[in-house]
Amino acid sequence: METRTRNRVIAFRVTSAERRNIEAKVRQSGLCQQEYLLHAALETPIYMVEDLKPLLGELRAWGRNLNQLTVLAHQGHIESANLREATEMLGKVYEAVNRLLTEEGQVVIHGDVQFHP
C-alpha cells in the first residue's frame, strides 16, 4: 500500500456559528475533521443551478402571501380565498424545478432545502 505524506496546509476563516455547524457535521459523520473536510472538498461534487434562484424567489413570495392569508383566516378577517392562481403557479414552478434537476441529473442544495430528481 502506498503511503501519502500530507505536508501542505490549507487554512480558512469561519464564523463561530459556521465552526459549530462544521463540528456538528463532523461528529455526525463519524470521521475525523481532516477526513470529513477532504471528503467534502474532493469527493462531493458541487452543482450550481443558477436558473433555480428566480424560481426560489418566486416560491418565497408566494409562501409569504399564503402565510398572510392564513393569518387573516385565523383572525376571522376572511372566510375563503381563491387559490387557483397560486395552485397553477406552484404547479408550474414544480415542473420547472423538476426539469432543471432532470437536466442536471443531480441533487441541488440551496440553503436548507434539498431537491432530489
Gain on full stretching of the segment that runs from GLN68 to LYS92 - 0.36 nm per residue minus C-alpha separation: 6.5 nm
Extension gain, SER80 back to THR3 (0.36 nm per residue minus Cα-Cα distance, nm): 20.8 nm
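Rule-based calculations on the coordinates, nothing more; no lab input. As the structure is a computational prediction, the values presented were derived from the model and not from experiment.
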